[in-house]
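The structure appears right after this line, and notes come after that.
Any read-out appearing in this document is the output of simple, stated calculations on the displayed coordinates, not a laboratory observation. Bear in mind that the values here come from a model prediction, so they are computed numbers and not experimental data. Note that we place each Cβ from the backbone using ideal geometry, even for glycine, and neighbour counts take in every protein chain shown.
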Amino acid sequence: MEMTLRWYGSKFDTVTLKQIRQIPGVTAVITTLYDTKPGEVWSRARIREMKSEVEAAGLRVAGIESVNVSDAIKTGAEGRDRDIEAYIETLQNLGEEGIRLVCYNFMPVFDWTRTELARVRPDGSTVLAYTKEAVDALDPEKMFASIAGDMNGAVMPGWEPERMEHVKELFALYRDVDDEKLFENLKYFLEKIMPVCGRYDINMAIHPDDPAWSVFGLPRIITNKENILRMLRMVDNPHNGVTFCSGSYGTSLENDLPDMIRSMKGRIHFAHVRNLKFITPTNFEEAAHLSADGSFDMYEIMRALHDIGFDGPIRPDHGRMIWDEVAMPGYGLYDRALGAAYLNGLWEAIEKGEKRA
Ligand SMILES: [Mn+2]
């Protein structure tokens, strides 16, 4: 595996490439062109510029998170073919520049959902948190307003203000889309893009829905083992793969994370590894990466990735806000650096333990 950190680009991120380069064992970033919109073609010039900036700092671009999929593609609405053409052109431009990994999601309306962006933990750190009861009681149109004040001035992925202004229309778009329809639209999209992925050896890695259940009555399909295996089989091509995100699949305690990893052998192209602490089965907060700080056995997760021969990019996921850092919630430097060091330590111990046995 290759340890990486997510980076939003120098215009948007409080963390610098120089800082990332100084985290031991981190050799690459996962980045994006954060100011592009779904349906827009990423030009080769801009991709090259992004790559040069990263490489000048002594790092590599290990992949893109994300090239976003438009609502027309997700709902199968008019204009989807045009948007798919644009997506293919972007993939081609990425391929020409030697980028071989693209993370994306197929979540309707909202990307990830949290009810708090700065819950204070006993040690004074703050974390993102989720209470199902709070979401159930919330008017989706007010969701944005209720968390916007906690963003530390950052624009959060999937929560762009101009998008959230149209929440009502977005909901209307998905009115006739149920889980089956969403599967169908995902299949249509994947079948159209597989040829360009084959030509450039680009691995597509779908990010799970977060949380792993329906919110506000919207359909959600990338939530559990059964559905993700269905998705992999319906377009049975090695370039149709998965981002294994422990913090997203892990929102449902019914998901056995190491078992899921083993079941997707060969198709996990990217891994997000983080820990959650459950207060009740429907109320959880993000924790430090360390097993002892949360509810997951991080050793078993890393062990499962090791056992299936995972060799793609991996990254620590959301970190706590610690040491008075001010950054995009979940995306500060300090706790993610601690996470990277910890995950690298687990991996080294697993590898060396194996050799000794
Ligand atoms: Mn994730």
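Determine, from the Cβ-Cβ distance of ASP307 and ARG21 and an R0 of 35 Å, the FRET efficiency 1/(1 + (r/R0)^6), rounded to the nearest 0.05. Kindly include the intermediate steps, with their values, before the conclusion.
Working: r = 30 Å, r/R0 = 0.87.
Plugging the Cβ-Cβ distance into 1/(1 + (r/R0)^6) gives 0.70.
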Longest to shortest principal axis, alpha-carbon extents of the stretch 189-306, angstrom
45, 37, 19
What's the extension gain from TYR34 to THR14 if we count 0.36 nm per residue and subtract their Cα-Cα distance?
5.8 nm
In which sequence would ILE88, ILE221 go, from the one with the fewest C-beta neighbours within 10 Å to the one with the most?
ILE88, ILE221
I'd like the FRET efficiency for LEU173 and GLU133, computed as 1/(1 + (r/R0)^6) with the beta carbon distance as r and R0 of 25 Å, rounded to 0.05.
0.35
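Per Stokes-Einstein, at 10 °C and 1.306 mPa s, what whole-number D in µm² s⁻¹ belongs to the stretch 69-143, with the Kirkwood radius over Cα pairs as the hydrodynamic radius? Working shown, then result.
On the way: Rh = 15.8 Å.
Approximately 100 µm²/s, per Stokes-Einstein.
Suppose R0 equals 35 Å; then what is the FRET efficiency for GLU85 and LYS265 from their Cβ-Cβ distance, rounded to the nearest 0.05?
Details: r = 33 Å, r/R0 = 0.95.
The computed FRET efficiency comes out at 0.60.
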Can you tell me what percent of all Cα-Cα pairs in the stretch 283-328 are more than 11 Å apart?
75 percent
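Of all alpha-carbon pairs in the stretch 37-98, indicate the percentage at a distance above 15 angstrom. Walk me through the intermediate numbers first.
Numbers: 1008 of 1891 pairs.
That tail contains 53 percent of the Cα-Cα pairs.
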Tail beyond 36 Å, pair distance distribution of the chain (Cα, percent):
14 percent
Based on Cα positions only, what radius of gyration and what Dmax would you give for the stretch 253-350, in angstroms?
13.7, 41
